[in-house]
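A short reminder: the numbers here are calculations on the coordinates, not readings from a lab. From a predicted model like this one, the values you see are computed outputs, not experimental measurements. Neighbour counts are summed over all protein chains in view; Cβ atoms, including those assigned to glycine, are modelled from backbone coordinates with ideal geometry.
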Amino acid sequence: MARVIGDVILDLQNISLSFGGVKALTNISFDVREGEIRAIIGPNGAGKSSMLNVINGVYHPQQGRIVFRGQERRRMNPHEAAAQGIARTFQNIALFKGMTVLDNIMTGRNLMMRRNFLWNALYWGPTRREEIAHRRRVEEIIDFLEIQNIRKTPVGRLPYGLQKRVELARALAAEPSLLLLDEPMAGMNVEEKQDMCRFILDVNEQLGTTIVLIEHDMGVVMDISDRVVVLDYGRKIGDGPPDEVRNDPVVIEAYLGGAAH
Amino acid sequence: MIYREAGQFKASYEEDQQIFPIKQDRIVMAALVVAAFFVAPFVASEYWLQAVLTPVLVFALAALGLNILTGYAGQLSLGTGAFMAVGAYATYNFLLRLDGLPFLAGLVLGGLSAAAVGVVFGLPSLRIKGFYLAMATLAAQFFIVWALTKFPWFSNYSSSGIISAQRIEILGFAFDTPARKYLLTLAIVSLLALAAKNLARTNTGRSWMAVRDMDVAAEVIGIPLMKTKLLAFAVSSFYCGIAGGLYAYTYLGTVEPDGFGLDLSFKILFMIIIGGMGSVLGAFLGAAFILLLPVGLNVLMHTSVGVLVPATLASNLELIVFGVLIVFFLIVEPHGLTRLWQIGKEKLRLWPFPH
């Protein structure tokens, strides 16, 4: 399927965020187009994760406008962001450790489940039909990410690389239009990184999901992303296609440094 | 060898999502239900029905209620006794003041009253967690026992707040013997246990566990924290309220507010710790363990060493052995009897072969 990059789906304008006296983000603007893979890079403490937290409503910026799918929003909590189709994964895995892989992924579909607890207590009838219908979709995601053999395993017992994959599965289960990935490849070996890259590209190409990702592995970022935003000390210092960013002297100075020489 | 699922293929998601996916489990469970309903009432003595089996069921229901809140939704509570008291006193008052109200309706109204009180005392959970929340629910514990003693209206102006359960009659059929009361308790507890299991395996239970395991992530994937936590408090307190009603009506017959004190709350908390957090089976195992162990020890003391040691020493020995056993169990298996049972099942799959 050919990739189609569409119009701007998310527009961030002049975002500033501070905690007390500490400025995490200063006057940052960038946009994300429908269907693209957008990377955010920058040194440690540059404000990358804060940026994602602003997008899905965990943090509320003191200044700036966020326009998602043509609608401006002021204050929004993560729950509302999820309802609008924004899903994410976390830098430190945030799975539900006591639950099985299957249950973890099923929680990703909670917004689409309509039955209330009284129906659920009865189980037979509407709830059963609903559970089975969603199970079917979840199994498709399990197939897609090739984790069939661990579906009944509690996630706490899985190795790190697989946990990252389950977290991606849970985010995908919500069928998001915008997927935020916070360092999806951190701490992985080369093989696991290759797998994860392939999954991210597959998600983008086959499901048409728009992806915003934070990643430290420059090889990966330059290979898979369409456009890159560079942050440093909470300010935007670069924005553009990978090749352009790679050759930007300011970016080289601040971040790429030795690697570019 | 015997306990193996070899040859049992699941051809649909329906089959894979049933409560007992393995055939042997279904057979054992069916046998247990048949034994509990059709054998126990005729075989067991009145003492066993009234003083052992009925309280085990009542406490299992209360433990189930606490397990929904603490085990599944991760909200620590020390107010179980108070919610049971609300259930018992509300049932009493509904039956007393509404003429001709059927017993089961009174019991359910009592449970709903407990649920309402539970939601009110669950409000702090939106702000605080863990031990601090336990402190907030402790307030419920003291406040409700105080209120039931302080305002004589609740106990229909009887001395020191004691209430005596009215006769239980359902559709003209009187539940007046221990065997009948046991059967009534068993039926109610079985239905509610099934409902709890259904909640646990569907979206409601998954939302509770998600909030327990990582609340930030739960919110990010769209689970509303406030609604989920308060629902856990409501359902949990409803179970405790029904348990309280049964405690008064089918078990003791006469209760006073002090009977629902902190001791009771702790007893039920021990049950879910020993039985297993976040498990329906755990509530039953824990209740059976805590209630049957003293009985077993008592029998043991009086048949073997009773001749040698005086009665007072024997009863203290009982307490000591009881305490030691609890500590021992917690060290050997901190995840409770349910986990031991699971390990046993995994071993049984292979037995008698080593691999």
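Per-residue 3J(HN,Hα) values for the stretch A:77-93, derived from phi via the Karplus relation 6.51 cos²θ - 1.76 cosθ + 1.60 with θ = phi - 60°, read 9, x, 4, 5, 4, 4, 5, 7, x, 10, 10, 8, 10, 10, 5, 8, 3 Hz in sequence order (x marks Gly and Pro). By other beta-carbon atoms within 10 Å, ranking A:111, A:95, B:246 with the fewest at the front produces A:111, A:95, B:246. Rounded to whole numbers, the Karplus 3J(HN,Hα) couplings from phi for the stretch A:215-232 are 8, 9, 6, 4, x, 4, 4, 5, 6, 9, 8, 7, 9, 10, 9, 10, 10, 8 Hz, using 6.51 cos²θ - 1.76 cosθ + 1.60 with θ = phi - 60°, and x at Gly and Pro. Scanning residues 5 or more positions from residue A:90 or on other chains, those with amide H under 5 Å from its amide H are A:182, with H placed 1.01 Å from N in the peptide plane. Treating the Cα atoms of the stretch B:44-350 as identical point scatterers in vacuum, please give the log10 of the normalised Debye intensity I(q)/I(0) at q = 0.09, 0.12 Å⁻¹, two decimals. Reported log10 I(q)/I(0), two decimals: -0.46, -0.82.
According to the calculation over all Cα-Cα pairs in the stretch B:85-192, the P(r) per 10 Å bin from zero is 13, 36, 31, 17, 3 %.
Using every Cα-Cα pair within the protein assembly as shown, state what percent have a distance larger than 39 Å. Don't skip to the end; give the middle numbers.
Numbers: 78279 of 189420 pairs.
Within the protein assembly as shown, distances greater than 39 Å cover 41 percent of Cα pairs.
Helix A:160-173 versus the longest principal axis of chain A: what is the Cα-based angle in degrees, 0 to 90, to the nearest 10? Between the helix axis and the principal axis of chain A, the angle is about 80 degrees.
Cα axis of helix A:126-144 to longest principal axis of chain A: angle in degrees, 0 to 90, nearest 10? It works out to around 50 degrees.
Looking at the stretch B:179-254, which chymotrypsin sites (Phe, Trp or Tyr not before Pro) are DSSP coil and have at most 14 other C-beta atoms within 10 Å of their C-beta? Write out the running numbers ahead of the final one.
Numbers: sites: B:182, B:208, B:233, B:238, B:239, B:247, B:249, B:251; in loops: none.
Filter output for the stretch B:179-254: empty list.
Take the Cα of residue A:244, step 7 Å toward its Cβ, do the same at residue B:4, and the gap between the two points is 6.5 nm. Residues whose amide H lies under 5 Å from that of residue A:33, counting only those 5 or more places away or on a different chain, are A:9; hydrogens are built 1.01 Å from N in the peptide plane. When the alpha-carbon atoms of the stretch A:84-126 are used, the pair Rg, Dmax equals 13.3, 40 angstrom. Sorting B:49, A:168, B:126 by the number of Cβ atoms found within 10 Å of their own Cβ, with the fewest placed first, yields B:126, B:49, A:168. Cross-link reach is defined here as a Cα-Cα straight distance under 19 Å, omitting same-chain residues fewer than 8 places apart; for residue A:152 the lysines meeting it are A:97, A:164, B:10, B:23, B:197, B:345, B:347. Principal axis extents of the C-alpha atoms in the stretch B:223-355 (largest first, rounded to whole Å): 61, 56, 25. Between residue A:239 and A:230, the built amide H atoms are under 5 Å apart, and every one of these is 5 or more places off in sequence or on another chain. The convex hull defined by the C-alpha atoms of the stretch A:94-175 has an orientation-averaged projected area of 5.3 nm². Backbone geometry of the stretch B:181-192 corresponds, through the Karplus equation with coefficients 6.51, -1.76 and 1.60 at θ = phi - 60°, to 3J(HN,Hα) couplings of 4, 4, 5, 4, 4, 4, 5, 5, 5, 4, 4, 5 Hz, x marking Gly and Pro. Computed extension length for residue A:77-residue A:22: 17.6 nm, one decimal, from 0.36 nm per residue of separation with the Cα-Cα distance subtracted. Counting other Cβ atoms within 10 Å as a rough exposure proxy, the listed residues B:254, B:228, B:70 run B:254, B:228, B:70 from fewest neighbours to most. Note on chain A: Kirkwood hydrodynamic radius from all Cα pairs is 19.3 Å, rounded to one decimal.
Per residue of chain B, the DSSP helices (runs of n ≥ 4 H) give a summed -39500 (n - 2.57) that works out to -21000 deg cm²/dmol at 222 nm.
Helix A:190-206: angle to the longest alpha-carbon principal axis of chain A, degrees 0 to 90, nearest 10? Between helix and principal axis, roughly 80 degrees.
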